[in-house]
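Since the structure comes first, as structure tokens, the remarks are kept for the end.
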Amino acid sequence: MPVARIGRYDIHYLEEGSGPAVVMIHGLAGDHTAWLPQMAELRDRYRVVVFDNRGAGRSTQMDEAVSTEDLAADTIGLMEQLGIDRAHIVGRSMGGAIAQHIALKRPELVRSLVLCASFARLDPLGHRVLTNMREVLEWRHNWRDHALHSIQNFVGWRFYNSEPERIARIVDLIGGETRLPECYIRQNHACLEHDTLDRLGEISSPTLIMGGGQDPICSPTATQWMAERIPNSQTVIFEGCSHFFLMEDADKFMAQLTGFLDQQA
Amino acid sequence: MSQINVNGGTLDAVEQGTGKPLLLLHSLLADRSVFDRVVPALAAGRRVVVPDLPGFGGSSSAGSAIEGFADRLAELFPALDLGSDTDVLGNGFGGFVASTLAIRHGHLFDRLVLADTGVEFSDAGKAAFHTMAGRVREHGMEGVVDIAMKRLFPDTFMEANPDVIAERREALVKTDPVLFAQACEALAALDLKASIGSIRNRTLVLVGGLDAATPPPMSHELARSIPGAELVELPGLGHAPMVQDPDGFVRAISGFLGLEAGARMRSV
């Protein structure tokens, strides 16, 4: 995987396809692999860049305080190094929070904004749920217990109850994390502190907001807060799906995403 | 036609759109079609539910007390799975029903819009309803359509829009005279003074500056009586702003009901 040096960090990334640039930012848990299905679909007409945030995947891991603004600076640094001066910025969960900072700090870099299962400020339930997941990791200090206690926050009841094998695979994926727990903990705090809510009116780029109707981390409350404030936005709620609606209803998600991106041409 | 059986009777209601429900209650001198010009815009972001009030169109009678009308409408909430995020908008008589619904069943819904209504009628106002009830019993609906149009619309609008007036007359004559008279009696008898102050739903009071049926002072009194209520006067409009100025009407309620954001949201 190619590596870009952004400040003190080695950021591992992948770049595929040609056409208008699409930069995809993953969330608190996981890494660039969260976006591989979407990258495979988009690369025939877009130049797609996915990467591991600092403190995730193979990128530099350091136990230090971090904010979503810091992570936005990393993304901007990566774009500059790759010579991307304008891109569709797609962020999932904390990645969407990061994307909001990019839109606020460097609006000229943003062709359009896609916020998936994301937030400008966590609502009370999201705050609680995110804290619960961090506390399991802090108390048990292993990824497997954290995984077992987290997954019901990621998928809806239908998926959880009817897809035991896929659930087991997700447990293994998260449970087998090699990432420094401290980095997760620091970034969890970054999410709790993230608050761009009162500045959303400044975001003028065309924006697609997507949320899961049953998501307890980024609930319809948090989604509504963004929908009301981002002027040039459309909002799509995936009924019956939760935080992982990209996976629970993959075809529908892909259709919404590509529909929106193609519209921006 | 969408007839729904509820406790004690049937309600005929139509729906358009998806999202947070918005219940529209028409006035005495109209039926649910009075909202036709605004439903498309509202339905862009809301699940718009428009019933015929009891005694009108396909909805069965709920007697001649305003409480009966409100209690019957309350039945619609479980029947149509309307959650507590529903907003209710009532015009004229529909406004009195909406207020009574808020007084007796306010926990069922969120925000309240009262367009061209009030707390109670003056003695002259009450007498006018008795007169209308009498005329309807003697001459049928034809006996009141002319007065009705004058109550609904300013003269200048009537002169300039004969086709709209014809449409409204046609809708009104279809109303059952016996049940119309019941609604008149309900309006003559009502007095919400004692309980109007108990409304806890966030409320917007709207009134047309030229409303001849429920003049602005009635809305001023209403806004003063409901804790925290907002008041907006719409210049040049009469008792049926949703007919006279559909775009203006939607604009007037848009901020309060969060229609803008709603129109930019959809479920898949």
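The values are calculated or read from the model by the stated rules, or taken from the named source; none is laboratory data. Owing to the predicted nature of the structure, the values given are computational and were not obtained by experimental measurement. Please note: Cβ atoms are built from the backbone with ideal geometry, for glycine as well, and neighbour counts cover all protein chains shown.
A residue that is of a type in the set (S, T, N, Q), more than 10 Å from chain B (Cβ to nearest Cβ) and more than 18 Å from the chain's Cα centre (by Cα) occurs somewhere in region A:175-182. Look at (1) at pLDDT below 95; (2) closer than 16 Å to A:F51 by Cβ and you find that A:E177 fails only one, number (2). Highlighted here are the helices (runs of 4 or more DSSP H) found entirely within region A:88-164 that include at least 3 residues which are touching a Cys at 6+ places or on another chain (Cβ under 8 Å): A:94-105.
Of the residues making up region A:141-151, none is under 30 Å from A:E202 (Cβ atoms) and surrounded by 22 or more Cβ atoms within 10 Å (Cβ to Cβ).
For region B:227-268, filtering for residues that are within 14 Å of chain A (Cβ to nearest Cβ) and of a type in the set (D, E) leaves 1. Of all residues in region B:247-268, exactly one satisfies the criterion of being part of a helix (DSSP H, G or I), in contact with a helix residue (DSSP H, G or I) (Cβ under 7 Å, 6 or more places away or on another chain) and closer than 15 Å to A:I237 by Cβ, namely B:A261.
Restricting B:L206, B:L234, B:L210 to residues that are in contact with a Pro (Cβ under 8 Å, 6 or more places away or on another chain), modelled with pLDDT of 95 or more and either over 16 Å from B:V113 (Cα atoms) or exposed (fewer than 15 other Cβ atoms within 10 Å of the Cβ) (or both) narrows the list to B:L210.
Of the residues screened, B:A124 is one that is over 23 Å from B:R32 (Cα atoms) and part of a helix (DSSP H, G or I). Do we find that A:A87 is at pLDDT 95 or above, surrounded by 23 or more Cβ atoms within 10 Å (Cβ to Cβ), hydrophobic (A, V, I, L, M, F, W, C) and in contact with an Asp or Glu (Cβ under 9 Å, 6 or more places away or on another chain) in this structure? Considered against the rule, which asks whether it is at pLDDT 95 or above, surrounded by 23 or more Cβ atoms within 10 Å (Cβ to Cβ), hydrophobic (A, V, I, L, M, F, W, C) and in contact with an Asp or Glu (Cβ under 9 Å, 6 or more places away or on another chain), A:A87 comes out as no. Where helices (runs of 4 or more DSSP H) sit wholly within region B:23-82, those with at least 3 residues that are within 25 Å of A:T235 (Cβ to Cβ) occupy B:39-43.
For region A:216-251, a residue qualifies if it is more than 9 Å from every other protein chain (Cβ to nearest Cβ) and acidic (D, E), and the qualifying residues are A:E248, A:D251. Of all residues in region A:198-215, those being away from chain B (no Cβ under 14 Å) and assigned to a helix (DSSP H, G or I) number 3.
Assess whether A:L137 counts as being over 18 Å from A:A222 (Cβ atoms) and surrounded by 16 or more Cβ atoms within 10 Å (Cβ to Cβ). Steps first, please.
Values: over 18 Å from A:A222 (Cβ atoms): yes; surrounded by 16 or more Cβ atoms within 10 Å (Cβ to Cβ): yes.
Yes: the conditions hold for A:L137.
Looking for something of a type in the set (S, T, Y) and farther than 29 Å from B:R46 by Cβ - is there at least one such residue anywhere in region B:144-158? The answer is yes; a qualifying residue exists.
Among the listed residues B:V113, B:V97, identify the single one that is outside any helix (DSSP H, G or I), touching a residue at least 60 places away in the same chain (Cβ under 8 Å) and aliphatic (A, V, I, L, M). If you could, list the steps in order and put the result at the bottom.
Working: B:V97 fails: outside any helix (DSSP H, G or I).
Of the residues listed, the single one that is outside any helix (DSSP H, G or I), touching a residue at least 60 places away in the same chain (Cβ under 8 Å) and aliphatic (A, V, I, L, M) is B:V113.
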